[in-house]
Structure formats: C-alpha cells, structure tokens
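The structure under discussion appears below in the form of structure tokens.
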Amino acid sequence: MGAGIIGIGSYVPDRVLTNADLEKMVDTSDEWIVTRTGIRERRICPEGKAASDLGTVAAIRAVEDAGIKVQEIDMIICATITPDMVFPSTACIIQNNIGIENIPCFDLSAACSGFIYGLEIARSLIETHRYRNILVVAAECMSRVTDYTDRTTCVLLGDGAAAAVVSKVEDNYGILDTYLGAAGKYSNLLYVPAGGSKIPASHETVDKRMHFMKMEGSTLFRIAVNAMSDSVKKIIERNKISPEDIVLFIPHQANIRIIQGVAKSACIAMDRVFLNIEKYGNMSAASVGVALDEAAKSGKIKKNDLICMVSFGAGLTWAANLIKWSKND
Ligand code: ACO
C-alpha cells in the first residue's frame, strides 16, 4: 500500500506588501530586494486574524479537493512556528473551526521544513492502517515575528497557509521516500529570543524588540544551499533515479539565489523548478505547500509525475521527499 496526497489546498491573505511599501519603511530598494532575493511582494495577515484562520481556509480547500467529508479526517497535524498562542495548539483551533470532534490534533515545530516533516509523519501513520485520512496543515503568520525596522529580515517574509489530505493511495504512488535532518548546533542562527520559557515576555523584552526574529543571513544562506542540495542528492541516489526523471522540483521559497545554488549543485534544470517567491516571499512551513498547490492546480503536475519537494529552516532543519503524483487533476 502507498500513502500520498489525495487533496491539496492553500490560502494567502489579500493584503499585499510590496517592495515599494518597504522602501518607505526601511533603508532598502526594490532593485536590492529583487536582485538579492527575487521577492517583489508578500501577503500580510490582517490584524485580529491568526495562523489558524489562514490554515482553516486551506484545510477546507484541501478536504474539498480530496472529495471527502471533514468528518472523515481522523487526525490534524499543524506545522507552524507562528501559532495563534503558545497553547493550545493551532491544530486544535483548526479542528474546532472546521467542526470535527474527538480526533488527535497537534502542532509540529520544524520551521520551513514543517510541511515535509508533517507529510512524512502522516505517511508513516497511514501505513500503520490505524488512520485513514490525515490533514497536514502548514500555517504561518511570519509578519507577527518580523521586525519592520530591520531591513535584513523584513524584506524576506510573508504570511500564508497550505494543507494536504494524506491517505492510502495505489501501490507505488504517493510519498515514495522522505529524507529529514536537523542540526541543533545551529539553533542560534535563526531564532526569536523572547516570549518562551527561557526569556518570558516583559517590558524589557518588548523594548528590546526581542519578540522578533533574529537571523544570520549569509551563514544561513551557505548552509541552506548545502543542506538542500545534499537532501535532493540523497533522494535521487537512494531511489536510483536521475534528476531528469523528476518532472518538478518544489523548493522552499526563501531566496531565488539559494534555489539557483541548489539547482546547480544537484544538476536540476531551472525550467523544472517551481517558483512563486516573487509573489509571496518566505512563508516558512507554508511555502512548499502553497507552491505544491499552485503547481497542481495550474496543471504543472499530472498523474504519474515524479516530484521532489525540498526545504530548509530554523532549527536548523531540512527535508526532502519524492512523490509519485497519484491524483487525476
Ligand atoms: N536592502 C538594502 N541593503 C541591505 C538589505 C536590504 N533589505 N539587507 C541587507 N542589506 C545590506 C547589508 O547591510 C550589507 O551591507 P554592507 O555590505 O554595507 O554591510 C549588504 O546589503 C550585503 O548584506 P549580506 O547579508 O551579505 O547580503 P546577502 O547577499 O547575504 O543577502 C539575505 C542577505 C537576503 C538575507 C541572504 O543572506 C539570505 O537570503 N539568507 C538566507 C535567509 C534564509 O533563508 N533564512 C532561513 C529561512 S527563514 C525560516 O526558517 C523562518
């Protein structure tokens, strides 16, 4: 038996934050942002709304796409590093929003790699035959941890959500392989210092802007290219395929130059790489999910196609998978 994606959906908020808007907020330029990152605009979640609101819309769309009833979902996993609250889990809030009772729900913290981590957990559980339809949601409001006075990070991030229903599929289809990794020794390269149990919220932490993301961009850049290209190479080698067998690569959309570096190192032609970075920037866990949904809905993936998703994020974490698409879109 295989386990794979039988329904996919995504949602981004309407509000657009353009490079021209950012030029008015920090010392930057459209030209710098486009050439150094490939990003032109990103979406921002409205005030009063949260990751669960974005995730709920994506979840409903994924369930509709799967052609099942919400009551047939028997677990929700939500990948997020920007949960609505420290607790309860955003997965529980989404469960309530979509009206399902008495199923296990939990959040998963693997930053930008969270969607691929979540798909792998779902695949493994489906293969135990104890669950039939697992909803994997990736929902992020990165704008809430972004310091809009820090030009080195604020140009990169945006908000959005994606969801997939993972279920039993035909033999030799679905998620064929996943490679996951992490290196906690690099946890100091990308983090939000305050608001957790180490440095709880206080007037001082707010004054010092410690609830915003801190990042060592150029070090991360180098590690990201190596970790993502190594992950793709592992997937290719251990499945005894070549890069040309893969119809579409769906990389994390953090920086166009990181994507180009990975493609070069793993011998992937750029015309096989799905890009939507210029519209959304980096939506953390949601990035590869939104990209997968857009690729599927625009007809770039058809039944029998091999696709490879690859990501990298805080932790540090990294992840890649190989999927034989089983849906007839
Ligand atoms: N506008 C104008 N100038 C800028 C900006 C900006 N927005 N940001 C930085 N600069 C300046 C710097 O101050 C520096 O100036 P200096 O030379 O006078 O000191 C110069 O541009 C070059 O800075 P670098 O940091 O070397 O620029 P780089 O080419 O590395 O690009 C970037 C920076 C875009 C942040 C890149 O390093 C990057 O994308 N890193 C990876 C980020 C990432 O992927 N994070 C992980 C995922 S996020 C998650 O998991 C939640």
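The values are calculated or read from the model by the stated rules, or taken from the named source; none is laboratory data. For clarity, every value in this text was computed on a predicted model and none was experimentally measured. With ideal geometry, Cβ positions are generated from the backbone for all residues, glycine too; neighbour counts draw on all protein chains shown. All accessible areas refer to the heavy atoms of the entire protein, side chains included, with ligands and DNA or RNA removed. Shrake-Rupley method; radii C 1.70, N 1.55, O 1.52, S 1.80 Å.
Taken residue by residue, the stretch 296-315 has at least one member that is under 25 Å from Ser218 (Cβ atoms) and outside any strand (DSSP E or B). Among strands (runs of 3 or more DSSP E) entirely within the stretch 1-102, having at least 2 residues that are of a type in the set (D, E, K, R) and within 16 Å of the ligand (Cβ to nearest atom) singles out 41-43.
Of the residues in the stretch 284-294, at least one is at pLDDT 95 or above, within 15 Å of the ligand (Cβ to nearest atom), part of a loop (DSSP other than H, G, I, E, B) and closer than 23 Å to Ala51 by Cα. Scanning the stretch 136-151 for residues that are open to solvent by 30 Å² or more (accessible area, probe 1.4 Å) and polar (S, T, N, Q) gives a single hit, Thr149.
Of all residues in the stretch 128-149, those satisfying the criterion of being under 15 Å from the mean Cα position of the chain (by Cα) and more than 16 Å from the ligand (Cβ to nearest atom) are Leu135, Val136, Val137.
Here Asp171 fulfils each of the conditions (1) open to solvent by less than 10 Å² (accessible area, probe 1.4 Å); (2) modelled with pLDDT under 95 apart from (1). The set of residues in the stretch 300-316 that are more than 20 Å from Gly174 (Cβ to Cβ) and either open to solvent by less than 10 Å² (accessible area, probe 1.4 Å) or at pLDDT below 95 (or both) comprises Gly313, Leu316.
Matching residues to (1) open to solvent by less than 60 Å² (accessible area, probe 1.4 Å); (2) aromatic (Phe, Trp, Tyr); (3) touching a residue at least 24 places away in the same chain (Cβ under 8 Å); (4) in the same structural domain as Ala263 (by TED's automatic domain parsing):
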site: Gly184; (1), (2), (3), (4): yes, no, yes, yes
site: Pro193; (1), (2), (3), (4): yes, no, no, yes
site: Lys198; (1), (2), (3), (4): no, no, no, yes
site: Met213; (1), (2), (3), (4): yes, no, yes, yes
site: Thr219; (1), (2), (3), (4): yes, no, yes, yes
site: Arg222; (1), (2), (3), (4): no, no, no, yes
site: Lys233; (1), (2), (3), (4): no, no, yes, yes
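Within the stretch 239-262, the set of residues being in a helix (DSSP H, G or I) and farther than 18 Å from Thr35 by Cβ comprises Pro243, Glu244, Asp245, Val262. Sub-9 Å Cβ pairs linking a first residue in the stretch 54-73 that is open to solvent by less than 50 Å² (accessible area, probe 1.4 Å) to a second residue that is acidic (Asp, Glu) and outside any loop (DSSP other than H, G, I, E, B), at least 6 apart or interchain, are Leu54/Glu140; Leu54/Asp159; Gly55/Glu140; Ala58/Asp293; Ala62/Asp293; Val63/Glu72; Asp65/Asp293; Ala66/Glu72, ordered by first then second residue.
When you look at Phe106, is it within 15 Å of the ligand (Cβ to nearest atom), among the aromatic types (Phe, Trp, Tyr), over 30 Å from Thr28 (Cα atoms) and touching a helix residue (DSSP H, G or I) at 6+ places or on another chain (Cβ under 6 Å), yes or no? The answer is no for Phe106. Considering the stretch 97-117, and only residues there that are farther than 16 Å from Ser10 by Cβ and within 9 Å of the chain's Cα centre (by Cα), the residue that is surrounded by the most Cβ atoms within 10 Å (Cβ to Cβ) turns out to be Ser113.
Test of understanding: among Leu108, Leu119, Leu125, which residue is over 20 Å from Thr56 (Cβ atoms) and modelled with pLDDT of 95 or more? Spell out the reasoning first.
Numbers: Leu108 fails: over 20 Å from Thr56 (Cβ atoms); Leu119 fails: over 20 Å from Thr56 (Cβ atoms).
Unique residue meeting the criteria: Leu125.
Note on the stretch 239-276: among residues that are small (Gly, Ala, Ser) and over 21 Å from Ser113 (Cα atoms), the one that is farthest from the ligand (Cβ to nearest atom) is Ser242.
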